[in-house]
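These notes are about the structure you will find just below.
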Amino acid sequence: MQKTLPFSSYLVIGVMLFALFFGAGNLIFPAQLGQYAGTNIWPAVIGFLITGVGLPFLGILAIGFSGSSNLQDLASRIHPVYAVIFTSLLYLTIGPFFAAPRTGAVAFDVGISPFISEEYTQIGLILFTFLFFGITLWLSMNPAKLVDRIGKILSPAIIILLLVLLFMVVVKPMGAIGSPQDAYVDGAFMKGFIEGYNTMDALASLVFGIIVINVIRSMGITSKRGILAATAKSGAVATAFLAILYVGIAYLGATSTEAFGLFDTGGPVLSATASYYFGAFGSVMLAVIILLACLTTSIGLMMACGEYFHSIMPKISYKIFVAIFTTFCFIVANFGLANIITYSIPVLMFLYPLAVVLILLTFTSPLFNHSRLVYVSATVVAFMISSIDGLKTLCQSLEIDNFVWMAPIVSLYERVLPLYSDGLGWLLPVLAVMLVTGVVARFLGNSAAQN
């Protein structure tokens with residue numbers, strides 16, 4: 001008889017997964033979305049939940065469904081070299097390139113910036129991030145149970161503080177919801193959809209999935225069906241918590257514009273809201289909790305990246321990788337939170353389609369007998385479109401014209417690819433290629449079996 005776990009076990013695993021996903025940096029995006037979406041908040045939130053909650057859930061399920069030992073093992077179905085490159089780029093994105101520096105920038109924006117005058121902001125950021133990533137380096141070199149214990153305390157503390165804030169927002173709103181701004185005026189859903197990329201949780205889910213599966217196996221579930229069912233139930237718990245908090249924080253942002261005006265990022269929205277309802281005490285409490293939460297997230301990311309790159313380049317020690325990555329984080333963090341977010345978007349526009357295609361291929365793989373032809377064809381099509389999307393978004397971020405050689409390609413894509421203007425031009429071509437090559441793979445497989 002197949003062993004099953006009680007609901008309490010799924011709850012424990014789900015809360016653990018929620019804690020892995022819900023870094024303090026994730027707080028800022030729904031708050032900013034709420035501010036700029038205004039009265040169009042609900043279509044924007046739905047779009048955000050699809051990519052910020054739905055895709056991470058599918059990513060966790062994909063790892064469980066695939067039976068792979070890790071992300072690199074799964075991506076090697078396309079090609080071993082591609083697997084190393086894709087996995088490395090994903091680790092760098094959720095690590096030293098963007099997510100890890102963002103932890104320092106968020107901690108400063110929420111925890112320190114409200115308490116210093118504007119003229120000292122830049123020097124304050126430099127000094128703070130030097131200390132922040134210095135502590136990250138020290139604790140990453142000497143990982144101890146202290147970090148885990150702090151994380152276990154901080155996750156419930158953040159949730160409780162946020163729920164109290166959200167309760168106050170519902171009971172006593174700060175003001176009326178304002179008018180939508182910029183892209184939220186006519187395209188709130190798609191803007192929210194793309195904004196969900198910023199959480200980077202769909203990318204992280206391909207890394208976190210194996211952690212969840214190992215915990216489930218340690219509880220005595222060993223069959224593939226049992227592991228998949230337990231992963232789905234635990235993932236549902238985690239994503240339900242995420243969805244509730246994201247919706248609440250977006251509503252908080254939407255009701256804050258009358259009181260505070262529009263901010264460039266979501267960090268000041270949270271600190272201003274805490275001060276609005278609870279005065280200086282609220283601001284200090286939020287600052288301390290988010291600062292420590294950002295620190296534990298930063299340490300976790302540095303350790304994960306150091307371990308992965310040491311595994312593929314064992315001649316370079318774990319400690320050297322951690323030192324390089326934390327130094328790089330310090331440099332990037334000093335460009336400021338707004339710039340980190342701005343320049344991460346082109347990379348995410350490139351990476352996300354590749355990650356989503358890998359998830360789709362994983363679920364449909366049995367239908368085409370796990371043929372490498374399908375994996376390679378679909379990935380190549382996604383790459384051809386997402387690479388141009390990434391470069392186009394980079395040009396927009398830099399406020400320059402598209403590169404000359406890109407003009408005919410972009411023009412072609414705009415004419416022939418459905419949903420291209422919405423950032424989803426890769427979707428239908430990938431599905432079409434999967435269908436055609438899947439039929440070919442089935443035919444070739446049947447012919448080989450008959451022969």
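Rounded to the nearest 0.05, what FRET efficiency do MET406 and LEU373 give with R0 = 25 Å and r taken as the Cβ-Cβ distance? Could you check? Mind showing how you got there, number by number?
On the way: r = 29 Å, r/R0 = 1.17.
About 0.30, to the nearest 0.05.
DSSP loop chymotrypsin sites (Phe, Trp or Tyr not before Pro) in the stretch 265-337 with at most 14 other Cβ atoms within 10 Å of their Cβ, which ones? Spell out each step's value before the answer.
Numbers: sites: TYR276, TYR277, PHE278, PHE281, TYR308, PHE309, TYR318, PHE321, PHE325, PHE328, PHE330, PHE335; in loops: PHE335.
When the chymotrypsin sites (Phe, Trp or Tyr not before Pro) of the stretch 265-337 are filtered for loop state and at most 14 Cβ neighbours within 10 Å, PHE335 remain.
At what distance in nm do the modelled label points of LYS319 and ALA240 sit from each other, each positioned 7 Å from its Cα along Cα→Cβ?
4.6
Can you list the HN-Hα couplings for the stretch 355-362, worked out from phi with the Karplus curve (6.51, -1.76, 1.60; θ = phi - 60°), rounded to whole Hz and with x for Gly and Pro?
For the stretch 355-362, the Karplus curve yields 5, 5, 5, 4, 5, 4, 5, 4 Hz.
Where does helix 145-171 land angle-wise versus the long Cα axis of the chain, in degrees 0 to 90, nearest 10?
Between the helix axis and the principal axis of the chain, the angle is about 70 degrees.
In Å and whole numbers, how far do the C-alpha atoms of the chain stretch along each principal axis, longest first?
78, 53, 46
Between 0 and 90 degrees, rounded to the nearest ten: what's the tilt of helix 7-21 against the longest Cα principal axis of the chain?
Helix 7-21 sits at roughly 70 degrees to that axis.
Apply the Karplus curve 6.51 cos²θ - 1.76 cosθ + 1.60, θ = phi - 60°, to the phi angles in the stretch 423-439 and return the couplings in whole Hz, x for Gly and Pro.
x, 10, x, 7, 5, 5, x, 5, 4, 5, 5, 4, 5, 5, 5, x, 5
Determine which aspartates and glutamates satisfy two conditions relative to LYS315: a Cα distance under 16 Å, and not lying fewer than 8 residues away in the same chain.
Partners within reach: GLU307.
At a probe radius of 1.4 Å, what is the per-residue accessible area of ASP264, in Å² to the nearest 10?
Accessible area, nearest 10 Å²: 120 Å².
Per the 1.4 Å probe, what fraction of the accessible area of the chain, in percent, lies on carbon and sulfur atoms? Please report the intermediate quantities before stating the final value.
Numbers: 13720 of 19650 Å².
Percent of accessible area from carbon and sulfur atoms in the chain: 70.
Send over a whole-number figure in Å² for the accessible area per residue of the chain, probe 1.4 Å.
Details: 19650 Å² over 451 residues.
I get 44 Å² per residue for the chain.
The values are calculated or read from the model by the stated rules, or taken from the named source; none is laboratory data. Computed from a predicted structure; not experimentally measured. No Cβ is skipped: glycine too gets one built from the backbone with ideal geometry, and neighbour counts run over all protein chains shown. The protein model used for the area step is the full one, side chains on, heavy atoms only, and it has no ligands, DNA or RNA in it. Shrake-Rupley method; radii C 1.70, N 1.55, O 1.52, S 1.80 Å.
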